[in-house]
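A quick write-up on the structure given underneath.
The values are calculated or read from the model by the stated rules, or taken from the named source; none is laboratory data. Nothing here was measured: the structure is a model prediction, and the numbers come from that model. Cβ placement follows ideal geometry from the backbone for every residue including glycine, while neighbour counts extend to all protein chains displayed. We work out accessible area using only protein heavy atoms, side chains counted, and drop any ligands, DNA or RNA first. Shrake-Rupley method; radii C 1.70, N 1.55, O 1.52, S 1.80 Å.
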Amino acid sequence: MTTISPLIAGNWKMNGVSQSLDELTELANLLTTGEAPRAVVVICPPATLVAAVAAQGASSGIMAGGQDCHANASGAHTGDVSAYMLADAGAQFVIVGHSERRADHGETDDQVRLKAEAAIGAGLKPIICVGETEAQRDAGQAESVVAAQLAASIPDGAGQHEVIVAYEPIWAIGTGRTPSNDDIAQMHASIRARLVDRFGPRGNEFRILYGGSLKPVNAREILAVENVNGGLVGGASLLAKDFYTIISAV
Ligand SMILES: O=C(CO)COP(=O)(O)O
């Protein structure tokens, strides 16, 4: 099995104004004064802060990412931001297909795939999110739902680029609940198998992140689960100390 360098990404969601960059400064201090982090560290702030995070994070190795992008490079799309614009602002990553966008904006797998393609085209690394609802898990459909999302959301060209998958069970997001380690292991193994099926040995090199109530208290055990190659952190990424504790748990 190829060794994959783990990645911890903070998704600030619609939290954070310019003062929040104080947290970034604190995180940078923790990262540069403590033991060198064993993970690639990414912060995905609101679009208004991407340029500031990219500029301010650079000296401590923190990279910036967007939380979404439009599938087109430019055009009449009021309120949207393209992958090129994020790259131009200094981003290196972009989250696509987050369940909150799938739910709030009716985003389909096809749209998510087009966004991922746009991201790749702009030189960004897409973090493609998948995950089941609680009802789907209770009905024993979690793996088939995620498999269908993977099949339709990941572009065919992903094997030639750096594409990251994030498994985020919807019922675990912001709830303080997480799947058992066995359930996480089973889902990540299933995702891995599908990636290898589709992309051959290259499928072993994709990072598969876990997201959903990843916290300082559970990070060490979740991040140690096989095929968990890092995390996508919401609430706990807003405080530098908490986020640093998760990074250090790798
Ligand atoms: O949605 C998430 C990250 O994208 C997870 O959010 P929480 O860590 O707040 O559960």
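Classify segment 120-170 as rounded, prolate or oblate from the Cα gyration tensor: take a ≥ b ≥ c as the square roots of its eigenvalues, call it rounded if a/c is under 1.5, otherwise prolate when a/b beats b/c and oblate if not.
The shape class here is prolate.
For segment 202-250, give the percent of accessible area contributed by carbon and sulfur heavy atoms, probe 1.4 Å, rounded to a whole number. Provide the component values of the computation, followed by the final result.
Working: 880 of 1750 Å².
Accessible surface attributable to carbon and sulfur in segment 202-250 totals 50 percent.
What accessible area per residue, rounded to a whole number of Å², is obtained for segment 1-82 using a probe radius of 1.4 Å?
Spelled out: the 1.4 Å probe surface of segment 1-82, per residue, equals 49 Å².
DSSP loop GluC sites (Glu not before Pro) in segment 1-91 with at most 12 other Cβ atoms within 10 Å of their Cβ, which ones? Provide the component values of the computation, followed by the final result.
Details: sites: GLU23, GLU26, GLU35; in loops: GLU35.
Filter output for segment 1-91: GLU35.
Exactly which GluC sites (Glu not before Pro) in segment 144-250 are in a DSSP loop and have at most 15 other Cβ atoms within 10 Å?
Hits after loop and neighbour filter: GLU162, GLU226.
Carbon and sulfur: what percent of segment 32-152's accessible surface (1.4 Å probe)? Could you put the intermediate results ahead of the total?
Numbers: 2730 of 5290 Å².
Percent of accessible area from carbon and sulfur atoms in segment 32-152: 52.
Show me the three semi-axes of the equivalent ellipsoid for the chain, from the C-alpha gyration tensor (sqrt of 5 times each eigenvalue), largest first, rounded to whole Å.
Calculated on Cα positions only, the semi-axes equal 25, 22, 17 Å.
Let's test the formula: R0 of 41 Å, r as the Cβ-Cβ distance of ARG38 and ASP110. What FRET efficiency results, to the nearest 0.05?
The calculated FRET efficiency here is 0.65.
Please check: in the Gaussian network model of the chain (C-alpha springs, under 10 Å), which one of ALA51, ALA240, ALA73 has the largest mean-square fluctuation.
ALA73
Any chance you could run the full-extension gain for ALA151 through THR175? It's 0.36 nm times the residue separation minus the Cα-Cα distance, nm to one decimal. All intermediate terms of the calculation are to be shown ahead of the outcome.
Numbers: separation 24, 0.36 × 24 = 8.64 nm, distance 2.75 nm.
Length difference between fully extended and current span is 5.9 nm.
Roughly how many Å² is the accessible area per residue of segment 155-221, as a whole number, for a 1.4 Å probe?
43
Relative contact order for segment 79-139: what is it in percent, counting Cα pairs under 8 Å that are at least 6 residues apart?
Numbers: 54 pairs, mean separation 26.9, N = 61.
The normalised contact order for segment 79-139 reaches 44 percent.
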